[in-house]
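Data block below; observations after.
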Amino acid sequence: MEIDFNSMANSIVMWLACLPGILIVLYQAFLFYRKSISSGLKMGLTGEQLGRARRSAAITSIGPSFYMLTAMLSLMLYVGAPVAWLRVDYIGGTGYEIQGAVLTAEAMGIDLMEGGMNADFLISAILVMTLGCLGWVVFSALFADKMDAVNRRLAGGNMAMIPIVGIGALIGVFSSMALDNIYPFATKSWAALGGAAVMFLVQTYNKKHNKMWLKEWGLSICMVAGMIIATVVDYL
Amino acid sequence: MEQSVYKKEYLPYIIKWGKITSWISIPLVCIPALAVFLVYGGVPQWDAIVTALVGLVSTFGIWYVVDPMTLYPILQTPGMYLTYVSGQSKEVRSPAAICAMSAAGVEQGTEEASVVSAVGISVSVFISVLVMTVVAVGGNFILSILPAAVTTALNYLMPALFGSMWMQQIMNDVKSAAFIVPAAIVIHLLNTLGVFASFPLGGGYMQILLCAVVGVFTARFVHNAKFTKKKEEA
């Protein structure tokens with residue numbers, strides 16, 4: 001029974017069925033990329049600036065993409081590799097996807113650790129994970145073009161204030177996200193504090209020296225430094 | 001002139017195609033469910049689906065709104081369309097957008113930044129889809145060859161990233177941060193004490209929302225004083 005489930009969940013049919021969802025994500029990114037480059041040049045951005053943007057985004061994306069690795073592997077056990085592949089690429093978030101699969105299994109009285117998954121579970125889990133993530137797609141499809149007005153109102157109607165309140169909001173948002181990882185104190189707190197400390201050094205150094213490669217690699221360096229600090233603390 | 005390219009040509013194209021691709025994506029991601037139904041005869045268990053969805057949406061539903069609102073200053077309109085189709089807003093898209101803006105030397109919140117952020121986010125979509133494809137095909141193999149130290153270290157990837165981005169933003173505006181960070185610490189402590197638990201849906205979103213609001217008003221207050229001072233001097 002379990003072998004049946006695995007061969008079904010990992011079948012070529014499922015790979016093909018998941019492909020269109022991935023392709024639309026790539027197609028949208030392709031359209032936006034092409035348009036942003038051509039309009040960016042017309043707006044007076046230089047090819048060099050856009051090249052640096054492209055390179056630094058590529059470098060910075062590699063590390064964080066791997067954080068999905070372990071969660072993705074659990075998801076692959078529950079719903080097969082193709083569905084897991086689509087799920088992490090289309091509004092993917094590890095906690096959310098796994099919880100969707102687990103909640104479906106619970107509601108159907110299936111123990112994911114012991115197997116017993118079948119076609120009914122697979123279709124139900126897919127529907128739960130898919131329907132559950134559509135809120136984001138619908139919200140952005142309806143409101144992405146109207147958010148600018150909200151932004152302007154927050155800035156008190158003053159255009160020069162928009163970047164300033166934006167940075168203020170982000171300091172608040174990232175304080176919240178960092179503090180979630182710092183207190184209550186655990187080993188991961190060292191990762192957050194270590195990353196922050198190395199970022200302080202990098203930024204202070206770069207204010208004087210303005211090294212381009214450091215702007216491109218900075219965040220990756222700080223992230224890896226934070227990881228190493230926490231791992232060392234872990235082993236002490 | 002510069003404004004007209006962004007407002008008259010760029011944004012209309014982005015909004016048109018952003019909406020089209022977002023709406024089209026919805027039926028496309030339902031194909032796997034259809035395939036299980038047609039090919040393997042799976043039957044949706046609607047009672048289980050509703051139970052699971054209620055559980056899922058009551059935990060994550062508020063983030064449909066809070067996530068885009070709080071990250072808008074980085075993502076901007078083009079980035080929002082990209083991010084809320086590809087996902088991983090905080091973990092992959094925001095870092096990529098921030099680094100792209102910093103490497104291109106544009107100021108967050110400007111029209112140039114919005115275009116550069118879209119370049120960064122679309123590149124990050126190509127990269128993360130590539131990484132995820134490699135993982136989906138060879139994930140178990142990759143995990144088996146990674147030393148234990150690396151798999152342990154992967155657990156610290158997100159805390160390290162958030163800590164780094166935190167400091168990066170603080171150093172963009174140290175004056176405002178001098179008030180926002182202590183306020184955020186108080187809000188976080190209140191949250192761990194369960195003060196927001198009585199809010200609808202458990203109040204887990206209150207911390208980040210309050211921190212963002214405090215951030216906006218602090219920045220306005222701190223820099224408004226500067227603007228008026230400049231006016232008086234002039």
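The values are calculated or read from the model by the stated rules, or taken from the named source; none is laboratory data. A quick note: this is a predicted structure, and the numbers were derived from the prediction, not measured. Cβ placement follows ideal geometry from the backbone for every residue including glycine, while neighbour counts extend to all protein chains displayed. Areas reflect the complete protein model, heavy atoms only, side chains present, ligands, DNA and RNA absent. Shrake-Rupley method; radii C 1.70, N 1.55, O 1.52, S 1.80 Å.
Considering only DSSP states other than H, G, I, E and B, which trypsin sites (Lys or Arg not before Pro) in region A:169-229 qualify as loop sites with at most 16 other Cβ atoms within 10 Å? Could the numbers behind the result be given before it?
Details: sites: A:Lys188, A:Lys207, A:Lys208, A:Lys211, A:Lys215; in loops: A:Lys211.
Listed in order of number, the matching sites are A:Lys211.
May I ask you to give the average projected area over all directions of the convex hull of the Cα atoms of region B:1-59, in nm² rounded to one decimal? Please list the in-between numbers first.
Details: hull surface 25.9 nm².
Orientation-averaged projected area of the Cα hull: 6.5 nm².
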Next item on the list: Quote the accessible area belonging to A:Arg55 in square angstrom, nearest 10, computed with a 1.4 Å probe and with ligands, DNA and RNA left uncounted.
Entry: 120 Å²
Notebook entry, point to check: Based on Cα positions only, what radius of gyration and what Dmax would you give for region A:97-211, in angstroms?
Noted result: 22.1, 61
Notebook entry, point to check: For region A:69-85, what does the Karplus curve 6.51 cos²θ - 1.76 cosθ + 1.60, with θ = phi - 60°, yield as ³J(HN,Hα) per residue in whole Hz, taken in order and with x for Gly and Pro?
Noted result: 3, 5, 5, 4, 5, 5, 4, 5, 5, 6, 10, x, 5, x, 5, 4, 4
Notebook entry, point to check: Quick one: length gained pulling B:Ala148 to B:Leu34 fully straight, 0.36 nm per residue minus the C-alpha distance?
Noted result: 37.1 nm
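Would you rank A:Met72, B:Met69 by solvent-accessible area, highest first, keeping every protein chain in place and using a 1.4 Å probe? It would help to have the intermediate numbers written out before the result.
Working: A:Met72 0, B:Met69 85 Å².
Reading off the accessible areas and sorting them downward yields B:Met69, A:Met72.
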Next item on the list: Would you mind checking which residues have amide H under 5 Å from B:Gly87's amide H? H placed 1.01 Å from N; only 5 or more apart, or other chain.
Entry: A:Ile91, A:Gly92
Checklist line | Proximal charge balance of B:Val39 [Cβ under 15 Å; K/R count +1, D/E count -1] | finding: -2
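Let me check I have the definition right: for region B:90-234, take the eigenvalues of the Cα gyration tensor, multiply each by 5, take square roots. What are those semi-axes in whole Å, largest first? Walk me through the intermediate numbers first.
Values: eigenvalues 245, 117, 38 Å².
In descending order the semi-axes read 35, 24, 14 Å.
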Check: Using the beta-carbon distance between A:Glu114 and A:Ala186 and R0 = 30 Å, what value does 1/(1 + (r/R0)^6) give for FRET efficiency, to the nearest 0.05?
Finding: 0.45
Next item on the list: Quote the charge dipole size of region B:44-198 about the Cα centre in Debye, to the nearest 20; the model charges only the Cβ of Lys and Arg (+1) and of Asp and Glu (-1).
Entry: 220 debye
Margin query: Within region B:112-128, name every residue whose backbone N is under 19 Å away from a label modeled 7 Å from Cα of A:Met212 along the Cβ vector.
Written below: B:113, B:116-117, B:119-120
Item checked: Relative intensity, log₁₀ I(q)/I(0), of region A:1-121 from a Debye sum that treats every alpha carbon as a point, q = 0.12, 0.14, 0.16, 0.23 Å⁻¹ -> -0.59, -0.72, -0.85, -1.33
Margin query: Just to be sure I follow: if Rg is taken over the C-alpha atoms of the protein assembly as shown and Rh is the Kirkwood radius over the same atoms, what is Rg/Rh?
Written below: 0.97
Next item on the list: Could you work out which residue, out of B:Gly61, B:Gly109, B:Gly42, moves most in a Gaussian network model of chain B, that is, has the largest mean-square fluctuation with Cα springs under 10 Å?
Entry: B:Gly42
Checklist line | Two-site FRET efficiency, A:Tyr235 against B:Val43, from Cβ-Cβ distance with R₀ of 60 Å, rounded to 0.05 | finding: 0.75
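Which value, in debye to the nearest 20, describes the size of the charge dipole of region A:15-133 about its Cα centre when Lys and Arg Cβ atoms bear +1, Asp and Glu Cβ atoms bear -1, and nothing else is charged? Present the calculation step by step, with values, prior to reporting the outcome.
Details: 7 positive and 7 negative charges, 205 e Å.
Here region A:15-133 has a charge dipole of around 980 debye.
At a threshold of 8 angstrom on Cα-Cα distance, excluding pairs fewer than six apart, so keeping six or more, what relative contact order does chain A reach in percent?
Working: 165 pairs, mean separation 46.7, N = 236.
This gives 20 percent for chain A.
Under the definition of partner shielding as Cβ atoms of other protein chains within 10 Å of a residue Cβ, what is the mean value for peptide A:149-161? Spell out each step's value before the answer.
On the way: counts 0, 2, 7, 0, 0, 9, 4, 3, 0, 4, 2, 3, 7.
Across the residues of A:149-161, the mean count of other-chain Cβ atoms within 10 Å is 3.
So which of A:Lys207/B:Lys19; A:Lys146/B:Lys175; A:Lys42/B:Lys175 end up more than 32 Å apart, counting from Cα to Cα? It would help to have the intermediate numbers written out before the result.
On the way: A:Lys207/B:Lys19 40 Å; A:Lys146/B:Lys175 30 Å; A:Lys42/B:Lys175 35 Å.
Too far apart for the 32 Å limit: A:Lys207/B:Lys19; A:Lys42/B:Lys175.
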